[in-house]
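Here the structure is laid out as structure tokens; the discussion comes afterwards.
The values are calculated or read from the model by the stated rules, or taken from the named source; none is laboratory data. Computed from a prediction, not measured in an experiment: that's the story for all the values here. Note that each Cβ is placed from the backbone with ideal geometry, even for glycine, and that neighbours are counted across all protein chains shown. Heads up: the accessible areas ignore ligands, DNA and RNA and are worked out on the full protein's heavy atoms, side chains in. Shrake-Rupley method; radii C 1.70, N 1.55, O 1.52, S 1.80 Å.
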Amino acid sequence: MDSRSTRRRSQDDRLSGADRAGQRRSLGAEEQGSRYVDRFLGNNLTQRRDSSTTTPIQRALRSFGIPLERLHVMKGHMMQDMCKGLSLQSHAQAKVRMLPTYICSTPNGTEKGNFLVVELCQNQVRTLLVTLYGDGNMSPQMMYKIFDMPEGIMQGEGEALFDFIAQCVSQFLAETISSDTNGSDTNGSELYLPLGFVFPFSCRQTQLDKAELLFWSKGFSCSGVVGKDVVQLLQAAIDRQIKQNKQGEEEASETGGVWLSSWRGRKSSQSTPGPLYRVEVVALINDTVGTMMTCSIEGRACEVAIVADKGSNCCFMAEAYLVETAKETSGRMCVNTEWGWFGDDGTLNDIFTPYDEFVDQESSNPGEKRFEKMVGTLYLGEIVRHTLIALTAEKAIFTGTNAAVLKEKGVLTMQHVLEIINNEDGITEVRRILEVLGLQPSERDCGRVQQICRAVMGRAASLHATGLSAILSYMCQTRELETLIVSVGVEGELFTGYPRFEEILLSVSRLLSPECMATLVPSRDGSGRGAAMVTAVALRLAAQRRAVDQVLAPLRLSRDDLEKVQALMREEMERGLCKETNATASVRMLPTYVSHTPDGTEQGDFLALDLGGTNFRVLVVRVTEEGISMASEIYVIPAAIMQGTGEELFDHIMDCIIDFQMKQKLMAQTLPLGFTFSFPCQQLGLDKALLLTWTKGFSASGCVGEDIVQLLRDAAKRKRHLGMQVVALVNDTVGTMMACGYDDPRCEIGLIVGTGTNACYMEEMRNVGTVEGDEGRMCINMEWGAFGDNGCLDHLFTHFDKVVDESTINPGKQRFEKLISGMYLGEIVRQILMVMVQKELLFQGKPCPKLQTKDIFKTKFLSTIELNGLALGQIRAILNELELDATFEDSSLMREVCQTVSMRAAQLCAAGLAAVVEKMRENRGLDQLSVTVGVDGTLYKLHPCFSRNLQKTLKDLAPKCDVSFLLSEDGSGKGAALVAAVAYRAANAME
Ligand code: BG6
Ligand code: GLC
């Protein structure tokens, strides 16, 4: 509402401004002046009641002085507008546009080759060739040429502007480069020259090389460019130019003449023609960004840059997740603030003087870029001129001379103003300048003109300081720092020409942002050198991207791949269920003799063991009508025992049980015990289970083929322990399904994604060929971890998977599990990282001895690295722990590797689960199945995206199944106790 009414007001102003301009032509300077006075007084009467007692000169000077409190308010407004500009919701309303630049990296010194830069400036086009040697960018070689822009191009047709720029590039190449200059890349006889385009106007950038012009400014208004991609326009103009030159060359050779193609470099000898170039525009860069990069080299990161020139602007490195208008969430991205537009919503109206108003009205874009018009050197001379016109009209200045010359727009240039203020020691020079303009000033006039110039310049400097302090405080706040120490690159006529600029900029910004310490870094080479760096970095990153994609491509699965996995799983399930094929199926589909999920009638006190996950637990579970209560203790199983003898393992387990019963004062009674044993067992009954094979790093001897329940009973005998009676053994999937089934009767699937992975579900007895009987259902422990052990998934295994598999104690076994579960993901990531180091994509190819250590990259790192919105700094901390010295780029690449590996795991798991739910749906002849999966496992529980990715893929692959996931809160021991309760009741009933 507010902004709309101000906009309307400024439009009215614009109309009356045009009116005035029309009338002014026929009015004398003095009459004109009285209008200024009226406006001035009208504008200020309410604010400055003492205006009648001050002289016109004092009034004018005072209007340029802005109190510190007002600058504080302005800083606050600027910060608000910056936040608005970054937010996806409100960026359209923001005046400070905060445009993403897609520049997230600074040079790392490995860049090399030739890079062309073309820079569009006021009245000029600058061309530059930078040669980098990959030596830390210490001493780039630079050649440049400046071309003056012909009259009228700035306001002419867009195509003419871009054609002219292309011609400049063409001519520069022809004159500057000899055939022995190496291109970045040679393609046949062509030299590839990447080009960075410095285009100092507001653009909506969607990629480094895609930028739509939003508005012209600074006197440019070429037609047909606004709304277009300027990178494409320049590329098209360059292509046109090449074509034209080639045609010319052909015609010349046909007629026997000599054609000096602009796209051929200088001939190094008479007999060989110069090389042909292929110029590709690879990056569009705002001049502020180029300056920041120029000032960034030689080991000092510069994260803010100000261009205080014809126009004014600033860029800085923002936390990428705050730049909602770009999709990048990690690291930082350079944001081009376009602060020149600040105040266009009226926030600067009270400090905008009538002189500023006149300058605005006479500009090519009235009402726009109000901040820039108070501080840009394109306007400062004009502000002084209008002030002098007004003062002349008030007879406060130039009373003895005809000041009509001041009516001419642009007559007083920035150069004049600089010369006037830079002459402290007397007014002779001031007089000379005014006289050259055709004025005959008195001594007093000269002094006053100098005062006005100083006031206008001083104001420009303090307004820059206010903008800078908004940026600095914003950076400090969003980086959650107490103190921000930062280098600020600066360039532009105001900075180089006005000696007090630096002092005012630093002191005023320090007053406004005392928590920030800025050091100014003057840009020695303008923005061109930085633009070459950006171009070089862009190329390095593009090449790196291709190489990274190549490494990761085999791990990225298509929907087709996943459907195939789902179909194969289904096939293997059928083969596992069928008596004849069971022995050769990779998914064993083991019957569990669990036929019901809990019904709530279970009761009693039970012991439970939970062996095979991250922790070995002993528990006591009390099941009553009111519910379940438990107590448990975690015991350690040393690796030596996991891989020792079976006797040692079960003796150790017994020791733990006895210790637990003593601590819990349960020695006096014999308690029924349910055993969660998370390994594949052929069950012959609830309390008879032959171990088929060890998995997950266990290998205790003398157990495979034996009845695990009996091994535990034997150990009890050895220890003479009578306080327990083993009544049931269940897999952890089954324990989980039972535990969750107690709370949700729809829970008919158990899923584990932890150290290992597996699933169980309720299958129709009629389909279970390996057990007698057709009635009812039985829970089937799928042992899907072994899916693919018969070779059916070989097409999916990457080089990394093979290396990881070969380094395990059970190579060739549990192949599906090795793609998914926590025991292996860190290792897969480590293998990929090693290859990336080898290919010099990571850590700049520096060797990392620590990375050679098996299991150094823990799966929990995957969870930490992928945490949403996590600052890359934290990733670096993890990596430092691994003695890996990672840059921000390295960190985000590592994150991408982790994401790829965990995404594949989640998708494969979903494909497996899709086969299960679809089979259940078909079994039951339903159009739509509604079912709950009880889930457990550290990977599923701790990883920030695994469960989301799993559920999303499952929905996609099995749209007819409505699947809910219920997290098992207290582990599978509770489920084992419930199974024991049923078994115990049945056993007692039989007795
Ligand atoms: C636990 C269960 O919560 O999760 C175990 O109680 C199961 O039975 C385990 O094996 C699986 O997860 P992880 O990550 O410990 O292997
Ligand atoms: C392994 C075991 C399996 C268990 C799974 C999850 O795959 O073979 O029995 O369920 O890990 O712990």
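Could you pull out the residue among Gln661, Gln683 that is more than 16 Å from ligand 2 (Cβ to nearest atom) and either under 23 Å from Arg575 (Cα atoms) or not in a strand (DSSP E or B) (or both)?
Only one candidate passes the filter, namely Gln661.
Which one is farthest from Arg479 (Cα to Cα), of the residues in the stretch 501-529 that are surrounded by 24 or more Cβ atoms within 10 Å (Cβ to Cβ), out of contact with any Pro (no Cβ under 9 Å at 6 or more places or on another chain) and modelled with pLDDT under 95?
Ranking the qualifying residues of the stretch 501-529, first place goes to Gly528.
Would it be correct to say that Thr106 is β-branched (Val, Ile, Thr), modelled with pLDDT under 95 and loosely packed, with under 15 Cβ neighbours inside 10 Å?
no
Would you pick out the residues in the stretch 939-961 that are within 16 Å of ligand 2 (Cβ to nearest atom) and crowded, with 17+ Cβ neighbours inside 10 Å?
Leu939, Tyr940, His943, Phe946, Leu950
Name, by its number, the condition in (1) within 16 Å of ligand 1 (Cβ to nearest atom); (2) over 42 Å from the mean Cα position of the chain (by Cα); (3) not polar (S, T, N, Q) that does not hold for Val636.
Single failed check for Val636: (2).
Can you tell me how many residues in the stretch 463-500 are within 22 Å of Met78 (Cα to Cα), open to solvent by 20 Å² or more (accessible area, probe 1.4 Å) and more than 34 Å from the chain's Cα centre (by Cα)?
Result for the stretch 463-500: 0.
Can you tell which of Ser892, Ser807 is touching a Leu at 6+ places or on another chain (Cβ under 8 Å), hydroxyl-bearing (Ser, Thr, Tyr) and either surrounded by fewer than 18 Cβ atoms within 10 Å (Cβ to Cβ) or touching a residue at least 40 places away in the same chain (Cβ under 8 Å) (or both)?
Numbers: Ser807 fails: touching a Leu at 6+ places or on another chain (Cβ under 8 Å).
Sole residue among the options that is touching a Leu at 6+ places or on another chain (Cβ under 8 Å), hydroxyl-bearing (Ser, Thr, Tyr) and either surrounded by fewer than 18 Cβ atoms within 10 Å (Cβ to Cβ) or touching a residue at least 40 places away in the same chain (Cβ under 8 Å) (or both): Ser892.
Just checking, does the stretch 435-452 include any residue being outside any helix (DSSP H, G or I), open to solvent by less than 20 Å² (accessible area, probe 1.4 Å), in contact (Cβ under 8 Å) with a residue 40 or more places away in the chain and of a type outside the set (Val, Ile, Thr)?
Checked the stretch 435-452: at least one residue is outside any helix (DSSP H, G or I), open to solvent by less than 20 Å² (accessible area, probe 1.4 Å), in contact (Cβ under 8 Å) with a residue 40 or more places away in the chain and of a type outside the set (Val, Ile, Thr).
Just to be sure I understand the filter: pairs with C-beta atoms under 9 Å, separated by 6 or more residues or on different chains, first member in the stretch 396-421 and under 23 Å from Arg59 (Cα atoms), second member open to solvent by less than 10 Å² (accessible area, probe 1.4 Å) and of a type in the set (Asp, Glu). Which pairs pass?
So the pair list comes out as Ile397/Asp445; Phe398/Asp445; Thr399/Asp445; Gly400/Asp445; Thr401/Asp445.
Suppose we filter the stretch 285-316 for residues that are modelled with pLDDT under 95 and among the aliphatic types (A, V, I, L, M); how many remain?
Count: 6.
Within the stretch 580-606, count every residue that is assigned to a loop (DSSP other than H, G, I, E, B) and open to solvent by 30 Å² or more (accessible area, probe 1.4 Å).
11
What are the residues in the stretch 149-176 that are closer than 15 Å to Gly219 by Cβ and in contact with a Leu (Cβ under 6 Å, 6 or more places away or on another chain), if any?
Result: Ile153, single match.
Determine the pairs where a residue that is farther than 18 Å from Leu908 by Cα, located within the stretch 822-838, has a partner that is open to solvent by less than 20 Å² (accessible area, probe 1.4 Å) and within 16 Å of ligand 2 (Cβ to nearest atom) with Cβ atoms under 9 Å apart, the partner being 6 or more residues away or on another chain.
Qualifying pairs under 9 Å: Arg830/Val804; Gln831/Val804.
What's the number of the only condition in (1) open to solvent by 10 Å² or more (accessible area, probe 1.4 Å); (2) assigned to a loop (DSSP other than H, G, I, E, B); (3) of a type outside the set (Val, Ile, Thr); (4) farther than 30 Å from Leu61 by Cβ that Tyr321 fails to meet?
Here Tyr321 meets the rest and fails (2).
Considering only residues of the stretch 414-434 that are open to solvent by less than 90 Å² (accessible area, probe 1.4 Å) and in a loop (DSSP other than H, G, I, E, B), which is modelled with the highest pLDDT? Can you show your working first?
To start, the set of residues in the stretch 414-434 that are open to solvent by less than 90 Å² (accessible area, probe 1.4 Å) comprises 414, 416-423, 426-427, 429-431, 433-434.
Among the residues that remain, those that are also in a loop (DSSP other than H, G, I, E, B) are: 422-423, 426-427.
Values: Asn422: 86, Asn423: 79, Gly426: 71, Ile427: 83.
Looking at the filtered set, the residue picked out is Asn422.
Taking the stated definitions as given, is Ala983 small (Gly, Ala, Ser), open to solvent by less than 10 Å² (accessible area, probe 1.4 Å) and in a helix (DSSP H, G or I)?
no
Assuming Val931 fulfils every condition listed in (1) within 26 Å of Val835 (Cα to Cα); (2) open to solvent by less than 50 Å² (accessible area, probe 1.4 Å); (3) not in a helix (DSSP H, G or I) apart from one, which condition is it?
Exception for Val931: condition (1).
Quickly run through the stretch 730-749 and pick out the residues that are closer than 18 Å to Asn615 by Cβ and not β-branched (Val, Ile, Thr).
Asn731, Asp732, Gly735, Ala739
Can you tell which of Ala390, Ala396 is touching a Lys or Arg at 6+ places or on another chain (Cβ under 8 Å) and of a type in the set (A, V, I, L, M, F, W, C)?
Ala396 is the lone residue from the list that is touching a Lys or Arg at 6+ places or on another chain (Cβ under 8 Å) and of a type in the set (A, V, I, L, M, F, W, C).
Could you run through the stretch 914-936 and say how many residues are in contact with a strand residue (DSSP E or B) (Cβ under 7 Å, 6 or more places away or on another chain), under 19 Å from Glu574 (Cα atoms) and aliphatic (A, V, I, L, M)?
Here the count works out to 3.
Could you name every one of the strands (runs of 3 or more DSSP E) located completely within the stretch 727-814 that has at least 2 residues being more than 16 Å from ligand 1 (Cβ to nearest atom)?
Answer list for the stretch 727-814: 757-764, 777-781.
Give the residues of the stretch 925-943 that are in contact (Cβ under 8 Å) with a residue 60 or more places away in the chain and either of a type in the set (Asp, Glu) or more than 16 Å from ligand 1 (Cβ to nearest atom) (or both), sorted by residue number.
Once the filter is applied, which keeps residues that are in contact (Cβ under 8 Å) with a residue 60 or more places away in the chain and either of a type in the set (Asp, Glu) or more than 16 Å from ligand 1 (Cβ to nearest atom) (or both), the stretch 925-943 yields Ser930, Val931, Thr932, Asp936.
Hey, among Phe679, Phe650, which residue is buried (at least 17 other Cβ atoms within 10 Å of the Cβ), within 16 Å of ligand 1 (Cβ to nearest atom) and either hydrophobic (A, V, I, L, M, F, W, C) or over 19 Å from Gly973 (Cβ atoms) (or both)? Break it down into steps so the answer makes sense when it comes.
Numbers: Phe650 fails: within 16 Å of ligand 1 (Cβ to nearest atom).
Every option except Phe679 fails the conditions.
Of all residues in the stretch 607-642, which are assigned to a loop (DSSP other than H, G, I, E, B), away from ligand 2 (no atom under 16 Å from the Cβ) and open to solvent by 60 Å² or more (accessible area, probe 1.4 Å)?
Once the filter is applied, which keeps residues that are assigned to a loop (DSSP other than H, G, I, E, B), away from ligand 2 (no atom under 16 Å from the Cβ) and open to solvent by 60 Å² or more (accessible area, probe 1.4 Å), the stretch 607-642 yields Glu625, Glu626, Val636.
Give me the pairs, please: first residue somewhere in the stretch 772-797 and more than 22 Å from Val734 (Cα to Cα), second residue anywhere and among the β-branched types (Val, Ile, Thr) and modelled with pLDDT under 95, beta-carbon distance under 9 Å, and either six or more positions apart or on two chains.
Asn790/Thr584
Name the pairs: first residue in the stretch 967-990 and within 14 Å of Tyr593 (Cβ to Cβ), second residue at pLDDT below 90 and within 13 Å of ligand 1 (Cβ to nearest atom), Cβ to Cβ under 8 Å, at least 6 apart or on different chains?
Close Cβ pairs satisfying both conditions: none exist.
Mind checking which residues of the stretch 686-706 are surrounded by 20 or more Cβ atoms within 10 Å (Cβ to Cβ) and more than 16 Å from ligand 2 (Cβ to nearest atom)? Steps first, please.
Taking the stretch 686-706 and keeping what is surrounded by 20 or more Cβ atoms within 10 Å (Cβ to Cβ), we get 686-687, 689, 691, 694-696, 698, 700, 703.
The answer is Leu686, Asp687.
Run Ala715 past the list (1) open to solvent by less than 20 Å² (accessible area, probe 1.4 Å); (2) closer than 28 Å to Val933 by Cα and report the number of the one that doesn't hold.
It fails just one condition, (2).
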